[in-house]
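Everything below concerns the one structure shown next.
Values in this text are rule-based calculations from the coordinates and carry no lab data. In this text the structure is predicted, and so the values were computed from the model without any measurement. So basically every Cβ, Gly included, is an ideal-geometry build from the backbone, and we count neighbours across all protein chains shown.
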Amino acid sequence: MVWWFPRNEIPGDITAEQPMPDQWGTPMANFPSAQCDPYKYFYDNINIFTSTLCGDWAGGVWNYADAGETQSCAAKTGYSSCEDYVRNEGAQFANAYWEVAYVKYFNSTTEL
């Protein structure tokens, strides 16, 4: 399970390093499985931060003007799709980077 909290709403049990996830509400991601033991296969995995260009959100809104915007991305860039823009203007992403202020992992060998 995965939870995300705004910086000013991190539960006190996390900062005290005594996590009590049953008090955190609904997780933003949950990967239950009745067919296998996920802890057997995924316990030692790592997380990967990725910039998914033209994913479900970006690709889906490419041709629409956002609230407060007068032009869609298509109108602004001259490309009819996000994929075309990335394919032809990849150099525009040369200075893209991730800045992660904080990540804390707690894991368990039993399902919560």
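Tell me the Kirkwood radius of the range 1-109: reciprocal of the mean inverse pair distance over distinct alpha-carbon atoms, in Å.
About 18.0 Å for the range 1-109.
Are there cysteines in the chain with no other Cys C-beta under 4.7 Å, and if so, which?
That list is C36, C73.
Sorting Y105, Y79, Y64 on the 10 Å Cβ count, fewest up front, what's the list?
The most exposed by this proxy come first: Y105, Y64, Y79.
Positive end of the charge dipole of the range 1-49 (Lys, Arg +1 and Asp, Glu -1 on Cβ, about the Cα centre): tell me which of Q35, G25, G12 has its Cα farthest that way.
In the range 1-49, that residue is Q35.
Using the count of nearby Cβ atoms within 10 Å as a rough guide to exposure, how do Y102, Y85 rank from fewest to most?
Starting with the residue having the fewest Cβ neighbours, the order is Y102, Y85.
Kirkwood Rh, Cα Rg: Rg to Rh for the range 1-49?
We get a ratio of 1.01 for the range 1-49.
What's the magnitude of the charge dipole for the range 1-49 around its Cα centre, counting Lys and Arg as +1 and Asp and Glu as -1 at the beta-carbon? Answer in Debye, nearest 20.
The calculated dipole for the range 1-49 is roughly 140 debye.
Could you give the length gained by full extension between V103 and Q35, i.e. 0.36 nm per residue of separation minus their alpha carbon distance, to one decimal place?
Full extension of this stretch gives 21.5 nm more.
Per DSSP H run of at least 4 residues, take -39500 (n - 2.57); add these up for the chain, divide by its residues and hand me the 222 nm value, nearest 500 deg cm²/dmol.
Rounded to the nearest 500, the figure is -5000 deg cm²/dmol.
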